[in-house]
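The values are calculated or read from the model by the stated rules, or taken from the named source; none is laboratory data. In this text the structure is predicted, and so the values were computed from the model without any measurement. Cβ coordinates were reconstructed from backbone atoms using ideal geometry, including for glycine residues, and neighbour counts include every protein chain displayed. Side chains are part of the model used for accessible areas, which takes the heavy atoms of the whole protein and leaves out ligands, DNA and RNA. Shrake-Rupley method; radii C 1.70, N 1.55, O 1.52, S 1.80 Å.
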Amino acid sequence: MVKTRRKTNMARNPDRLFKRETSKDPASLTQETGRKNKRATEGGRAVESRTTEGRAVEGGRAVEGCTIEGRTVEGRTSEGRAAEGRTSEGRAAEGRAAEGRAARNRSTESTRNQTNPHGLSQESPHGLNSVREAHAARTAEKTKKTPLKEHKPGFFARTINGWFNRIIGAAVDGSFSKQEALYAAHHTRRDYTWNTIAIAAWGFMFPLLTIVATQLVGVEQAGMFSMALVVGTLLMFVGNYGVRTYQVSDIKEAHSFSDYQIHRWLTCIIMVVAGLLYCVARGYAENMFAISMGVYVYKMIDGLADVYEGRLQQMDKLYLAGVSLALRSVLVIVVFSVCLLITKNLVIACIAMAIVAAVCFVLVTFPLALLETPKSRKRSLVSIKELFVQCFPLFIALFAYALIDAMPKLIMEGTLTYDNQLYFNVMCLPAAAILLIVGLVYKPQLLRMANLWADPRLHRQFDLMVLVVILVVVVLSGSVIFIMATVGITFFSFVYNVDFERFRELFFVMVIAGGITAIIDFLYQVITVLRKQAAVMKLYIITFGFAAFIPVLLISFTELPGAVMSYLIVMSILLVLLVMEFFRIRYSFSRELATQRAEETRRKRRDELEAGTYADNYAAAQEKRAQRERRMNKRNE
């Protein structure tokens, strides 16, 4: 009680308190006055009328009692003293407020400048501290009402993060093949969609890169790059060894995937060594040597990835193989173009192209094939050797075909300048487009064709599919000729910044040759499905004999037009030979099937005779024949 009266007296005589406090340092005085003012303001501030368990919290102290007109009482109130305590507390609050105002009014100008150069007292309710407190309160209230939304990563970020988490998890477990597959098989629509995207990206990569090279480094260096791509594509047939179609149609998995992998690594090593020896034999300068080796390594990565993408197709997940090929092709196009734009150095761009292809193979193609396909059996050296033997005719046929296809370009390298390489390759683009589009039509159906051929009752459907694809090639070739005659040649002249109008007739000849090559490629795949690839090898060897001297004669006489005409002549010879061979193989299969059916019929009759039922059946048949004859006689009468 004494303590309360003392506070009341101090409130009635604020000058006495001011005299005692002004003897202190001005800064400390201002701070202490601010603290008192803050306590006074809090003491007079209204709080919630309803409190938990009858207690009100003020400044961290629990106060017993009740609330009257929204005001809380500091201190304990009990046994009839609640009213006196509330009155004393109210007077104490008024006194402290008066003390604060007096202290502010009597503060010197120097004190105000020291505490706040802008003229606002930090202890004032309207000062900086109060403003900051009010702003913090409003911010906290707004945050409480509208909580911040959690940032969610986008689709690509989620896909990339999930993929890398999956790869890291498989690496930690020590096996990719034991992981559970996440992507389903038997999606025909997805297969067509992604296979179309992948083949389009891979097919348009060559023209796009040559366009970029022509615009940035000139026609001569673009011709050098085109020549490197031609040889790299030829060497890629060495790396592939003709195994892709054989692997996809290996429905019963006579060879394990481990065998296919080891076989492909060996052929790719042979491919790179062959490319190195070719560069040395040609005597390339340092610049051309570096360009060629960069392209060869990229093609080697492409060939190596082919066996893993073939595994996905074998497990009926062609769309995943399409995703892998499309991603690698797009990255190569982007990285090559950016590097060439920045450096204007074709060597650096080719090396970057090989590096990004290798990175894409390691991070995408290799783990995708192992994660999404069943675990393979262990390798077998006998099986690997058998792969070399079984696919050797296939390899010879394909390599001979690629060599026949590239023969005019190889002969031009020794006799004409590199700009003619660019012109010839640009004229080949419509033919390549026909080949790619036809591939989009029939390659997803190779597995189905193999299943049709496996059932003798469905051979008619197999023949119908072959006929339909050939008709598609004919119609497509006519459409491409029309496009080239109207806008195609003008378009190529614009994008390459070269006048191609002088080569108009040669473009039409190349389109016809492109249709022929598309039919050749399709018939080769059909013969492979029939497992008669050994019969094709001799046809390619015969055609190679024509390709060895026809281009030499025509190019030496007419240069670039001679290269185009020799290409058409040689491909026509190969087409005639393949069509004749296909009909011979198909006729032999029909003879064999007829022989088998006759043998089965004779065996069935022999079994019926042994069972004693053939005679009865024969008598019944004779009776039916006699009845038919009697009916016919009556009708004639």
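With θ set to phi - 60° and the Karplus curve 6.51 cos²θ - 1.76 cosθ + 1.60, what are the ³J(HN,Hα) couplings of the range 208-219 in order, to the nearest whole Hz, using x for Gly and Pro?
Whole-Hz 3J(HN,Hα) from phi for the range 208-219: 5, 5, 5, 5, 4, 5, 5, 6, 9, 10, x, 5.
Can you give the relative contact order of the range 191-277 as a percent, counting alpha carbon pairs under 8 Å and 6+ residues apart?
On the way: 31 pairs, mean separation 24.6, N = 87.
Once normalised by length, the contact order is 28 percent.
How many nm is it between the label spots at residue 490 and residue 628, if each spot is 7 Å from the Cα in line with the beta carbon?
A separation of 7.0 nm, rounded to one decimal place.
Describe numerically, in nm with one decimal, the distance between label points set 7 Å from Cα along Cα→Cβ at residue 538 and at residue 359.
Using points 7 Å along Cα→Cβ, the separation is 5.2 nm.
Among the listed pairs 378/538; 375/532; 252/385; 299/385; 299/344; 409/532, which are separated by more than 28 Å between their Cα atoms? Don't jump to the answer; show the numbers that get you there.
Details: 378/538 35 Å; 375/532 30 Å; 252/385 19 Å; 299/385 24 Å; 299/344 22 Å; 409/532 30 Å.
Result: 378/538; 375/532; 409/532 exceed 28 Å.
Nothing charged except the Cβ atoms of Lys and Arg (+1) and of Asp and Glu (-1): what's the magnitude of the dipole of the range 235-373 about its Cα centre? Round to the nearest 20 debye. Don't skip to the end; give the middle numbers.
Numbers: 9 positive and 9 negative charges, 60 e Å.
Dipole size: approximately 280 debye.
Within 10 Å of each candidate Cβ there may be at most 10 other Cβ atoms; applying that plus a DSSP loop requirement, which trypsin sites (Lys or Arg not before Pro) in the range 248-295 survive?
Values: sites: 252, 264, 282; in loops: 252.
Counting only loop positions with at most 10 other Cβ atoms within 10 Å, the trypsin sites (Lys or Arg not before Pro) in the range 248-295 are 252.
Hey, got a sec? Which trypsin sites (Lys or Arg not before Pro) in the range 377-436 land in a DSSP loop and have at most 14 other Cβ atoms within 10 Å?
On the way: sites: 377, 378, 379, 385, 409; in loops: 377, 378, 379.
Sparse-neighbourhood loop trypsin sites (Lys or Arg not before Pro): 377, 378.
When a/c is below 1.5 the answer is rounded, else prolate if a/b is larger than b/c, else oblate, so apply that to the range 378-537 with a ≥ b ≥ c taken from the square roots of the Cα gyration tensor eigenvalues.
Details: a/c = 3.06, a/b = 1.56, b/c = 1.96.
Because a/c hits 1.5 or more and a/b fails to exceed b/c, the range 378-537 counts as oblate.
Could you rank 311, 502 by how accessible they are, 1.4 Å probe, largest area first?
Details: 311 5, 502 140 Å².
Sorted by accessible area, descending: 502, 311.
Would you work out which of 437, 461, 404 lies farthest towards the positive end of the dipole of the range 389-482? Charges go on Cβ: Lys and Arg +1, Asp and Glu -1.
461
Under the Karplus relation 6.51 cos²θ - 1.76 cosθ + 1.60, θ = phi - 60°, what is the ordered set of whole-Hz ³J(HN,Hα) values for the range 543-559, x standing for Gly and Pro?
5, 4, x, 5, 5, 6, 10, 4, x, 4, 5, 5, 5, 5, 8, 10, 6
Taking a ≥ b ≥ c as the square roots of the eigenvalues of the Cα gyration tensor of the range 328-438, is the shape rounded (a/c under 1.5), prolate (a/b larger than b/c) or oblate?
Note, shape of the range 328-438 comes out oblate.
Please state the charge dipole magnitude for the range 499-557, taken about the Cα centre, from unit charges on C-beta atoms (+1 on K and R, -1 on D and E), reported in debye and rounded to the nearest 20. Mind showing how you got there, number by number?
Values: 5 positive and 4 negative charges, 78 e Å.
Value, rounded to 20: 380 debye.
Return the loop-located GluC sites (Glu not before Pro) in the range 491-591 (DSSP other than H, G, I, E, B) with at most 14 other Cβ atoms within 10 Å of their own Cβ; answer none if there are none.
Details: sites: 501, 505, 559, 581; in loops: 559.
For GluC sites (Glu not before Pro) across the range 491-591 that sit outside H, G, I, E and B with at most 14 neighbouring Cβ atoms in 10 Å, the list reads 559.
Residue by residue through the range 391-401, which ³J(HN,Hα) values in whole Hz follow from phi under the Karplus form 6.51 cos²θ - 1.76 cosθ + 1.60 (θ = phi - 60°), with glycine and proline marked x?
In residue order, the calculated couplings are 8, 4, x, 4, 5, 4, 5, 5, 5, 5, 5 Hz.
Below 8 Å, C-alpha to C-alpha, sequence gap of six or more: please give me the relative contact order for the range 240-322 in percent.
On the way: 52 pairs, mean separation 36.9, N = 83.
Across the range 240-322, relative contact order equals 45 percent.
Counting Lys and Arg as +1 and Asp and Glu as -1, each charge on the Cβ, what is the dipole of the range 242-308 about the Cα centre in debye, to the nearest 20? Could you put the intermediate results ahead of the total?
Working: 5 positive and 6 negative charges, 27 e Å.
Taking the Cα centre of the range 242-308 as origin, the dipole is about 120 debye.
Would you please state which residues of the range 398-431 a label at residue 479 would reach in this model, taking the label point 7 Å out along Cα→Cβ and a backbone N cut-off of under 19 Å?
Counting backbone N atoms under 19 Å from the label point, the list is 429-431.
At residue 598 and residue 282, where each label point lies 7 Å from the Cα along Cα→Cβ, what is the point-to-point distance in nanometres?
My value for the distance between the label points is 5.7 nm.
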